[in-house]
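What follows is one structure encoded as structure tokens, with my remarks underneath.
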Amino acid sequence: PAPQGILHYLTHADLSKQQIYNLITLAIQHKYNVKYLDTKSGQPLLGKTLAIMFSKRSTRTRVATETAVTYLGGQPMFLGSQDIQLGVNESLLDTSKVVSSMVDGMMARVGSHSEIVTLAKYSTVPVINALSDKYHPTQILADLMTMHEIFGPQPKDDSSYVAHLTHPQETLPGLKVAWVGDGNNILHSMLVTFPKIGVHLSVATPKGYSPAEDVVKIAKHEAAKTNTEISFTHDPKVAVNNADVIVTDTWVSMGQESEKAKRLKDFEGYQITSSLAKEGGAKKNWKFLHCLPRKQEEVSDEVFYSPISHVFQEAENRKWTILAVLDALLVKKSFD
Ligand code: CP
Ligand code: NVA
């Protein structure tokens, strides 16, 4: 039988509004403590190990996780696809039982979302989703934290950090995010998160690239409960209307490389440019986010490298938000 009562972090569809806000608040506190007060962690994970099992490439998620585990005094154990039998040559069930019997937590980057669900089902320790083909929850925490930093209280200079002075609950609800791109794992994660916490979301995807129906159903259900607006279109200009934030991602996710030529053609007209934002009627002060890695076809250099763009701040916030998830799951053992 599957071990019961172990806390996992697989998708925000499993978390309450308050639990999502708790993670963002914790991340902001960690950033303030570590970066600005140089606070030491007390090494709560001393002698503990997090297995980081990735069957796909990663820069941000891996560096964020390894440095966050080290900060907490633990040992990150990176296991790439060439190193272990993650569903290759050995079942995920067996892998989960074996690895979880020796470590204190497992993080995995997988292909099909069912793989992370299987790992969690048979694990005796908490499991964190570091990206599946369906969801990428840690990314969305970083996006929300960055939006709080952008739209919350502003520091007078670079040496101060004032995001900790207000709660994200006070700055995020009511903001409008426009997604212009693929109906992929990042969009799915936004769909199960934003309506729950009161962030409006308008989505433009090319025909044939809409988000999964079961995810849209969850989003609509949450939006009705919180009175949040979500809308879907195939016209990028319609989506960006009145947006505070415009977001996109690669048009060719990991595992879709063979579809590249078709996708580049199908996504014509979806590049984020300042003229698209202007013609569509985005807010005057709109901002740009992207989970990275980025290719030029989905966003022009003129936007990507401008002050409108907060992508590198968003990338750094992967570390603080993953630190918050590790703290909640492995130290506090609670999202509440
Ligand atoms: N955004 C993100 O997950 O980046 P990596 O694939 O580099 O980890
Ligand atoms: N949608 C992208 C996100 C990368 C962080 C992918 O799955 O490859």
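From the list Lys287, Lys319, which one is touching a strand residue (DSSP E or B) at 6+ places or on another chain (Cβ under 6 Å) and on the phi < 0 side of the Ramachandran plot?
One residue alone meets the criteria, Lys287.
Cβ-Cβ below 6 Å, separation at least six or inter-chain, first residue in the stretch 33-61 and among the basic types (Lys, Arg) and within 16 Å of ligand 2 (Cβ to nearest atom), second open to solvent by less than 40 Å² (accessible area, probe 1.4 Å) and outside any strand (DSSP E or B): which pairs?
Pairs found: Arg60/Ala315; Arg60/Arg318.
Residues are listed down the side, and each one gets a yes or a no for (1) under 30 Å from Ser159 (Cα atoms); (2) surrounded by fewer than 19 Cβ atoms within 10 Å (Cβ to Cβ):
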{"residue": "Pro3", "(1), (2)": "no, yes"}
{"residue": "His8", "(1), (2)": "no, no"}
{"residue": "Ser16", "(1), (2)": "no, yes"}
{"residue": "Ala27", "(1), (2)": "yes, no"}
{"residue": "Asp38", "(1), (2)": "yes, yes"}
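What residue, among those in the stretch 248-286 that are within 15 Å of ligand 1 (Cβ to nearest atom) and acidic (Asp, Glu), is nearest to the chain's Cα centre (by Cα)?
Only one residue tops the list, namely Asp249.
Only one residue in Pro293, Pro307 is surrounded by fewer than 14 Cβ atoms within 10 Å (Cβ to Cβ) and within 16 Å of ligand 1 (Cβ to nearest atom). Which one?
Answer to the selection: Pro293.
Out of Ser96, Ser55, Ser81, Ser91, I need the residue that is under 18 Å from Tyr122 (Cβ atoms), of a type in the set (Gly, Ala, Ser) and within 16 Å of ligand 1 (Cβ to nearest atom). Which one?
Residue meeting the stated conditions: Ser55.
Quick one: is Ser300 free of Cβ contacts under 8 Å to residues at least 24 places away in the same chain and buried (at least 16 other Cβ atoms within 10 Å of the Cβ)?
For Ser300, the condition - free of Cβ contacts under 8 Å to residues at least 24 places away in the same chain and buried (at least 16 other Cβ atoms within 10 Å of the Cβ) - is not met.
Just one of the numbered conditions (1) crowded, with 23+ Cβ neighbours inside 10 Å; (2) in contact with an Asp or Glu (Cβ under 9 Å, 6 or more places away or on another chain) is not true of Lys207; which one?
Unmet for Lys207, out of (1) crowded, with 23+ Cβ neighbours inside 10 Å; (2) in contact with an Asp or Glu (Cβ under 9 Å, 6 or more places away or on another chain): (1).
If I filter the stretch 108-160 down to residues being among the acidic types (Asp, Glu) and buried (at least 19 other Cβ atoms within 10 Å of the Cβ), which single residue comes out as farthest from ligand 2 (Cβ to nearest atom)?
So the residue we want is Glu149.
When residues of the stretch 310-336 are filtered for being closer than 22 Å to Tyr161 by Cα and either acidic (Asp, Glu) or open to solvent by 10 Å² or more (accessible area, probe 1.4 Å) (or both), how many remain?
Residues that pass the stated criteria total 9.
Starting from residues that are under 20 Å from Val63 (Cα atoms) and among the charged types (D, E, K, R), keep the ones in the stretch 80-133 and report whichever is modelled with the lowest pLDDT.
Asp83
Here's a check for you: in the stretch 210-225, which residue that is surrounded by 17 or more Cβ atoms within 10 Å (Cβ to Cβ) and without any contact (Cβ under 8 Å) to a residue 40 or more places away in the chain is nearest to Glu298 (Cα to Cα)?
Filtering first and then ranking leaves Pro211.
Under the condition of being under 17 Å from the mean Cα position of the chain (by Cα) and not basic (Lys, Arg), which residue from the stretch 287-308 is nearest to Asn242 (Cα to Cα)?
Phe288
The values are calculated or read from the model by the stated rules, or taken from the named source; none is laboratory data. Since the structure is predicted, the reported quantities are computational estimates derived from the model, not experimental observations. Ideal geometry is used to build each Cβ from the backbone, glycine not excepted, and the neighbour counts take in all protein chains shown. The protein model used for the area step is the full one, side chains on, heavy atoms only, and it has no ligands, DNA or RNA in it. Shrake-Rupley method; radii C 1.70, N 1.55, O 1.52, S 1.80 Å.
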